[in-house]
Amino acid sequence: METSGSQRRGPRRVSVDHLALLESHAIFVLREVAAEAERPVLLFSGGKDSAVLLHLAVKAFRPGGLPFPVMHVDTGHNFPEVIKFRDEQMSRLGERLIVASVQESIDRGRVPDPGPNASRNRLQTTTLLDAIAEHAFDACFGGARRDEDKARAKERVLSFRDSFGQWDPKRQRPELWHLYQGRVQPGEHVRAFPLSDWTELDIWQYVSRESLELPDIYYAHRRPVVKRDGMLLAVCEWVVPLPGEEVREESVRFRTVGDATCTGAVLSSARTVAQVIDETATSRVSERGATRADDKFSETAMEDRKREGYF
Amino acid sequence: MRGTSEVSPPDDATPTACMDLLRFAAVGSVDDGKSTLIGRLLYDTRQLFDDQVAAVEVASARRGIGEVDLSFITDGLRAEREQGITIDVAYRYAATRRRKLVIADCPGHVQYTRNMATGASTSDLALVVVDVATGLREQTRRHACIAALLGVDQFVVCANKMDLVDWREGPYRQVEAEVQELAGRLGVSSWRVIPVSALHGDFVVRRSPSAPWYDGPTVLEALEDAPSGAWAEGHGTQLGGGARLPVQWVLRRRGGGRSYAGMVNGGALRTGDEVVVLPEGWRTTVTAIETYDGPLDEAPVGISVSVDVADDLDVSRGDLLADAKSPPSVLKDLVATVCWFSDRPLRGGDRLRVKHTTRTTPARVTGVTGRVDVHRLEVAAADELVNNDIGIIELTTAVPLAVDAYRDDRITGSFVLIDEATNATVAAGMVGEPFLAGPGDGCSGTASATRRTA
Ligand SMILES: Nc1nc2c(ncn2[C@@H]2O[C@H](COP(=O)(O)OP(=O)(O)O)[C@@H](O)[C@H]2O)c(=O)[nH]1
């Protein structure tokens, strides 16, 4: 277990800037939900938002261990760098990891196999809800941010899910002051989003301030890609070039990580956090617009998936 | 986008890693142009990405709207687009070099008061959008009233659609006079009125030659100049800004000690401070303030820490550490102002749970004593509250609570009521009676003294 105080610098004052306030609020939410829920869990994808969330959880509860396990919903279509990062982080922290596998959901006939080249993104919902039921989780921390999508922009920090895992945007609980209220009946749960008010730029500034490690694919590197549905997809086991698609080697990085079949790369030369911050501050394309095929299909793609119980 | 291509990004468009943070609620009556104004603010500060703008253009075209409708940027949900109304608060983010802005875009309809209250409860400021041709409508007055009751005491009012009144000064002055009266009655200490056209962008981010008679700030300048962080600090000056730390979690130190984790509010907490543990009343001294990054001499308001004390006390979640010189009151019988959010009426005798700071306990409403008439800005006699009412109640709690008056501290002075059967949050509660001045007393005093418009 990592020790608190290893970086002790002697008594000091903190400056109360936006990152300090965002951090403090996230820690507040983590402590509040952990204290009130019976069986909380932290959802961890291995992406930058999860990495920040996990770091904040450590800050909230050290010198103790985390009062909840960490759960990865594994589509089986991962970037190897992300799995490596996940395993390194978990062994460094000495915390408990649960892996909920989409492949197992397919094997057990819970969801149909969409085929080798198709996205497994939507299938994650069944795997996630099955795991929540199996472990009787009543609160799931997630790293979603409100700046990601117009449906997320409306979601509460503590977002109620009925016994079918559904979000009802018309009946959200009022959420006043810092009085987060996550009481649920058996079978229901809440999703808790401590990073609600963080933007993509805040995340990167915080990664810089805290010197956080991230999977390598967040920084510019050369790799073969194909252009598909307006996105650059990494050529890999599940993304096989189709007839007519041209494979090119480009210098790219990823702005989000998810299922390799629907997570696009952006052309980039940013090899350091500082360079990524510069690119993020001047980017003209939103994080999801650039990189997530799953949100491109309709104006309300995210809202529709969220209603069903997606992250 | 049409009409705005000549706008160059403001010099200070690139945020740095050292900004402060202002949270504000945008309110206004349906159709007065709130969504367009926020869309304009985001667009002209270059907060929108090309694909978001493109999506809005596509959506506008699909619905046969000629101009690009900037209001689509904030109206995100399917039902809202279909009905053309805003149901829930949408949070938006903008940043200038100095400041991160968190915008709670609040819904207008009476039946969504719970969502408006959600947005206003953590706001430092209200951005009030008014159609200059019609002046303050009932709904706007209602919103202003709810925001003020929730402790928002800075108003930036946009007299919008100035283009439709040919930028004449008269209608603007009319709105200004109405705002002055309203602000006085609501006890809003700082307010100003800015003439704008959200559609074309005048005085939102860009200055404009259309109103030579106006020399005040643009909307963005007003948002950058406003004091921030007020809501978490409370208005505790008359209390001497005493620190409060509601205990969220007990951390066990290696070696056996305990440390009490929570967020500081009310005033800074320092090592060596004498504190009192409430409701128990035990006095002790702060021996250390810890964070993961190391110890602090002083924990400012809004920062999450854990606190070690000198004595071996049985402090647990729900207790409150408070500055011993200016502690909150410990009470089981409260008078409070509540916004009621349930279809079931609230009456004397009702049993509910109250969540106050980090403590949840059963409570009984011993009486409903009045209802706020948000149009006349008066308290009228009442013995029940129906959905969306704001009223005054008396409440008895099963265990004593350490409370401040809401006007002194928005954290220790607030609570929510929870329905025991459904777990729904059915009320927002504020300790104390509402501040409402009579029609005569309102116009005097501090309100006009702090305004800076011409
Ligand atoms: N002429 C003019 N029209 C405006 C202005 N601001 C908004 N509108 C129009 O007023 C209507 C209502 O605006 P909207 O932003 O949807 O109002 P909301 O209901 O308050 O969010 C829309 O048709 C807008 O295009 C303005 O400054 N000038």
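Summary of computed values
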| quantity | calculated |
| --- | --- |
| All positions within the stretch A:194-218 that are outside any helix (DSSP H, G or I) and touching a residue at least 24 places away in the same chain (Cβ under 8 Å) | A:Pro194, A:Leu195, A:Ser196, A:Asp197, A:Trp198, A:Thr199, A:Leu212, A:Glu213, A:Leu214, A:Pro215 |
| Test: A:Val58 is β-branched (Val, Ile, Thr) and within 14 Å of chain B (Cβ to nearest Cβ) | yes |
| Among residues of the stretch B:275-296, those that are in a strand (DSSP E or B), more than 30 Å from the chain's Cα centre (by Cα) and not hydroxyl-bearing (Ser, Thr, Tyr), counted | 6 |
| Subset tally (residues that are crowded, with 20+ Cβ neighbours inside 10 Å, within 18 Å of A:Gly143 (Cα to Cα) and touching a Lys or Arg at 6+ places or on another chain (Cβ under 9 Å)) for the stretch A:202-231 | 7 |
| Meets criteria (touching a residue at least 24 places away in the same chain (Cβ under 8 Å), within 30 Å of A:Ala270 (Cβ to Cβ) and buried (at least 23 other Cβ atoms within 10 Å of the Cβ)) for A:Trp238 | no |
| Filter result for the condition that a residue is within 14 Å of chain A (Cβ to nearest Cβ) and in a strand (DSSP E or B), over B:Asp409, B:Asp343, B:Asp308, B:Asp333 | B:Asp308 |
| Of residues in the stretch B:119-129 being more than 16 Å from the ligand (Cβ to nearest atom) and buried (at least 24 other Cβ atoms within 10 Å of the Cβ), the one farthest from the other protein chains (Cβ to nearest Cβ) | B:Leu125 |
| Residue check for A:Ser159: in contact (Cβ under 8 Å) with a residue 12 or more places away in the chain, among the hydroxyl-bearing types (Ser, Thr, Tyr), under 21 Å from A:Pro40 (Cβ atoms) and part of a loop (DSSP other than H, G, I, E, B) | no |
| Answer residue from the stretch B:323-365, given it is acidic (Asp, Glu) and in contact with an Asp or Glu (Cβ under 9 Å, 6 or more places away or on another chain) and is surrounded by the most Cβ atoms within 10 Å (Cβ to Cβ) among those | B:Asp323 |
| Residues within the stretch B:421-437 that are among the hydrophobic types (A, V, I, L, M, F, W, C) and more than 14 Å from chain A (Cβ to nearest Cβ), tallied | 3 |
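Any read-out appearing in this document is the output of simple, stated calculations on the displayed coordinates, not a laboratory observation. Since this is a predicted model, take the numbers as computed values, not measurements. Note: ideal-geometry Cβ built from the backbone for every residue, glycine included; neighbour counts use all protein chains shown.
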